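The values are calculated or read from the model by the stated rules, or taken from the named source; none is laboratory data. The shown structure was predicted, so the numbers you read here are calculated from the model rather than taken from an experiment. We place every Cβ from the backbone using ideal geometry, glycine too, and count neighbours over all the protein chains shown. Heavy atoms of the whole protein, side chains included, go into the accessibility calculation; ligands, DNA and RNA do not. Shrake-Rupley method; radii C 1.70, N 1.55, O 1.52, S 1.80 Å.
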Amino acid sequence: MSDTATGRATPQPGLYDLEPAELVTQLEAWGEKPFRARQISTWLYQRFTDDPAAMTDLPAPLRQRLGETFAQGRFTQRAEQVSTDGWTRKWLLALPDGAEIEVVLMEYDGQRRTACISSQAGCAMGCSFCATGQMGFLRNLRAGEIVEQVMWVSRALAARGERLSNLVLMGMGEPFANFTQVMAALDTLTRPEDAGGYGLGARRITVSTVGLVPGIERFAERDSQVNLAVSLHAATDALRATMLPVNQRYPLDALARAIGAYQRRTNRRVSLEWALIDGVNDTPEQAEALVDFVRRCFDPRREGRHLTHVNAIPLNPTSGFVGAASRAARIAQFREILDRAGIPNTVRQRRGIDIAAGCGQLRKRAAGGDPA
Ligand code: SAH
Ligand code: SF4
């Protein structure tokens with residue numbers, strides 16, 4: 001059976017998989033000076049390459065040894081698309097075992113440069129409206145494979161003299177179903193440059209979960225500044241369970257308690273994600289239920305401030321789901337109910353819809369699934 005079939009990662013680790021201490025240990029085992037670790041991490045995280053041949057300040061024998069020991073350049077580009085407005089780029093990348101993942105770069109008004117990366121190849125959560133959910137689960141990504149996606153985007157930006165400013169884990173996969181590897185990747189990405197990391201501010205990163213309650217609890221305990229988003233999409237158990245099977249394991253009551261506990265402990269704002277689907281979850285009843293859910297998490301009327309933000313986005317249609325995006329009048333009505341209750345909310349524009357920038361859609365199209 002191949003690795004793909006068993007869902008195992010490829011056996012040979014890459015340099016991006018190593019913690020700084022592990023790199024030092026490896027170098028010491030080879031009789032190398034510890035300062036070599038800093039040189040190598042500068043190549044990895046500031047020049048975005050793990051190719052030892054490029055590491056010209058290292059002695060040739062060390063470069064050769066690194067090349068023999070560690071996998072490098074693990075991604076093969078399977079597809080690249082640029083939206084017609086030029087503001088969204090999307091790559092379909094293959095790993096050596098054949099697993100495919102998606103990485104998206106979104107640019108906003110010459111200012112923000114946001115990467116959207118994957119935490120798993122596929123996803124086991126089976127949300128009905130999601131292209132990744134429709135394709136099923138292949139395997140977890142290693143921490144290094146998560147980090148490497150950020151380096152891929154950073155390299156593309158550096159070619160134009162630009163830098164990444166924001167990062168969201170909203171590509172393929174459920175980050176809290178791959179908790180340990182995702183947290184290790186976040187540690188590397190937020191570690192300061194002078195400590196051998198990538199140096200992205202934690203406040204510029206957002207992790208999105210489908211609502212795995214134990215994951216939210218573990219994430220709260222980390223007291224990190226990384227932002228949390230929860231994919232809610234429906235505010236009654238009856239509707240949510242039809243869209244997100246995870247709701248049967250972690251219904252709304254348990255979810256509200258976990259979100260509220262996170263907010264009180266960290267004092268940080270949570271965004272609730274809501275894909276607006278015509279006639280399904282854009283009704284006044286759902287909007288009212290959402291107001292109630294927000295207050296069950298953390299009640300601004302009692303606690304004096306808002307720590308919950310609703311982030312709605314019209315559904316990105318996928319071939320495996322019959323729903324359509326909500327119409328403008330419905331969206332306005334939905335927002336009005338939130339506004340009246342004083343709940344902060346935004347409706348995001350759909351970015352890069354012409355290149356299928358929705359979760360999992362490029363892979364699906366490459367496999368003959370979703371039409372262009
Ligand atoms: N598994 C995580 C993160 C990846 S999905 C999660 O579910 O939160 C990133 C976001 O895209 C989630 O909010 C998800 O619900 C949303 N999404 C998935 N399919 C979508 C679609 N077809 N249209 C709009 N949003 C979608
Ligand atoms: Fe998985 Fe998130 Fe898609 Fe649900 S929405 S199937 S959790 S990637």
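Considering Glu107, Glu193, the condition of being more than 13 Å from ligand 1 (Cβ to nearest atom), surrounded by fewer than 20 Cβ atoms within 10 Å (Cβ to Cβ) and over 30 Å from Val24 (Cα atoms) is satisfied by Glu107 alone. Scanning segment 147-188 for residues that are more than 16 Å from ligand 1 (Cβ to nearest atom) and farther than 21 Å from Lys90 by Cα yields a total of 4. Would you say Ala158 is in contact with a Lys or Arg (Cβ under 9 Å, 6 or more places away or on another chain) and open to solvent by less than 10 Å² (accessible area, probe 1.4 Å)? Criteria not met by Ala158.
Considering Arg348, Arg327, which residue is touching a residue at least 12 places away in the same chain (Cβ under 8 Å), closer than 14 Å to Trp274 by Cα and open to solvent by 60 Å² or more (accessible area, probe 1.4 Å)?
Selected residue: Arg348, the only one of Arg348, Arg327 that is touching a residue at least 12 places away in the same chain (Cβ under 8 Å), closer than 14 Å to Trp274 by Cα and open to solvent by 60 Å² or more (accessible area, probe 1.4 Å).
Applying the condition of being within 11 Å of ligand 1 (Cβ to nearest atom), touching a strand residue (DSSP E or B) at 6+ places or on another chain (Cβ under 7 Å) and of a type in the set (A, V, I, L, M, F, W, C) to segment 268-284 and asking which residue is nearest to Asp299 (Cα to Cα) yields Leu272.
For segment 282-300, indicate whether the set of residues that are under 14 Å from Leu338 (Cβ atoms), open to solvent by 10 Å² or more (accessible area, probe 1.4 Å) and within 21 Å of the chain's Cα centre (by Cα) is non-empty. There is no residue in segment 282-300 that is under 14 Å from Leu338 (Cβ atoms), open to solvent by 10 Å² or more (accessible area, probe 1.4 Å) and within 21 Å of the chain's Cα centre (by Cα).
Here Glu22 fulfils each of the conditions (1) in a loop (DSSP other than H, G, I, E, B); (2) modelled with pLDDT under 95; (3) charged (D, E, K, R) apart from (1).
For first residues located in segment 220-232 and over 16 Å from Asn345 (Cα atoms) and in the same structural domain as Thr209 (by TED's automatic domain parsing), partners that are charged (D, E, K, R) and away from ligand 2 (no atom under 11 Å from the Cβ) and lie 6+ apart or on another chain with Cβ distances below 6 Å form the pairs Ala220/Arg265; Gln225/Arg203. Out of curiosity, is Gln120 within 30 Å of Ser319 (Cβ to Cβ), away from ligand 1 (no atom under 13 Å from the Cβ) and under 13 Å from the mean Cα position of the chain (by Cα)? Against the criterion (within 30 Å of Ser319 (Cβ to Cβ), away from ligand 1 (no atom under 13 Å from the Cβ) and under 13 Å from the mean Cα position of the chain (by Cα)), Gln120 does not qualify.
Residues in segment 80-104 that are at pLDDT 95 or above and either outside the structural domain of Arg139 (by TED's automatic domain parsing) or open to solvent by 50 Å² or more (accessible area, probe 1.4 Å) (or both): there are none.
Name the residues in segment 123-138 that are touching a strand residue (DSSP E or B) at 6+ places or on another chain (Cβ under 7 Å) and surrounded by fewer than 22 Cβ atoms within 10 Å (Cβ to Cβ), would you? Give the derivation first.
Of all residues in segment 123-138, those touching a strand residue (DSSP E or B) at 6+ places or on another chain (Cβ under 7 Å) come to 123-124, 129, 132, 135-138.
Those that are touching a strand residue (DSSP E or B) at 6+ places or on another chain (Cβ under 7 Å) and surrounded by fewer than 22 Cβ atoms within 10 Å (Cβ to Cβ): Ala124, Met135, Gly136, Phe137.
Go through segment 207-245 and count every residue that is within 16 Å of ligand 2 (Cβ to nearest atom) and either open to solvent by less than 30 Å² (accessible area, probe 1.4 Å) or among the basic types (Lys, Arg) (or both).
As a first pass, look at segment 207-245 and keep what is within 16 Å of ligand 2 (Cβ to nearest atom): 207-216, 219, 228-234, 239-245.
Filter once more, keeping what is either open to solvent by less than 30 Å² (accessible area, probe 1.4 Å) or among the basic types (Lys, Arg) (or both): 207-213, 215-216, 219, 228-234, 240-241, 243-244.
Number of matching residues: 21.
With respect to Ala254, determine if the residue is part of a helix (DSSP H, G or I), more than 16 Å from ligand 1 (Cβ to nearest atom) and in contact (Cβ under 8 Å) with a residue 60 or more places away in the chain. So Ala254 fails the test. Going by what's in this entry, would Ser118 be described as surrounded by 20 or more Cβ atoms within 10 Å (Cβ to Cβ) and either over 26 Å from Glu273 (Cα atoms) or of a type outside the set (Val, Ile, Thr) (or both)? It is true that Ser118 is surrounded by 20 or more Cβ atoms within 10 Å (Cβ to Cβ) and either over 26 Å from Glu273 (Cα atoms) or of a type outside the set (Val, Ile, Thr) (or both). Condition check for Gly144 on (1) open to solvent by less than 10 Å² (accessible area, probe 1.4 Å); (2) in contact with an Asp or Glu (Cβ under 7 Å, 6 or more places away or on another chain); (3) within 16 Å of ligand 1 (Cβ to nearest atom): one failure, at (3).
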